[in-house]
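A quick write-up on the structure given underneath.
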């Protein structure tokens with residue numbers, strides 16, 4: 001995973017611009033037709049919001065590209081909200 005955060009207000013990390021990309025690779029073939037090699041990739045763009053304590057929320061757009069059987073590729077477009085609770 002490659003991830004980059006940039007504070008939108010200098011000297012404060014209450015609101016950060018956020019972008020990340022991650023890739024997944026299957027390491028072997030299986031009996032249920034999963035083939036080794038590229039499996040999926042995800043890209044995200046949005047904001048990270050500071051919450052009370054060290055908790056954060058990430059809100060934005062997630063694109064997911066999935067390799068499917070028969071040489072097909074699926075693309076999912078997701079409105080994403082992730083909460084990280086850190087006391």
Put a dot 7 Å past each Cα toward the Cβ at residue 77 and residue 14; how far apart are the dots in nm? 3.3
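As an exercise, use a Förster radius of 22 Å and the Cβ-Cβ distance of residue 69 and residue 3 to find the FRET efficiency, rounded to the nearest 0.05.
Approximately 0.10, to the nearest 0.05.
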With a 10 Å radius around each residue's Cβ, average the other Cβ atoms per peptide and rank 17-30, 35-48, 71-84, 52-65, highest first. 35-48, 52-65, 17-30, 71-84
Taking every pair of distinct Cα atoms and averaging 1/r, then inverting, what Kirkwood hydrodynamic radius in Å comes out for the chain? 14.9
Relative contact order (%) - segment 2-84, alpha-carbon pairs under 8 angstrom, separation at least six: 22
Please compute the length gained on full extension between residue 61 and residue 38, using 0.36 nm multiplied by the number of residues separating them and subtracting their Cα-Cα distance. 6.1 nm
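Any read-out appearing in this document is the output of simple, stated calculations on the displayed coordinates, not a laboratory observation. Predicted, not measured: the structure shown is a model, and the values here were computed from it. Cβ coordinates were reconstructed from backbone atoms using ideal geometry, including for glycine residues, and neighbour counts include every protein chain displayed.
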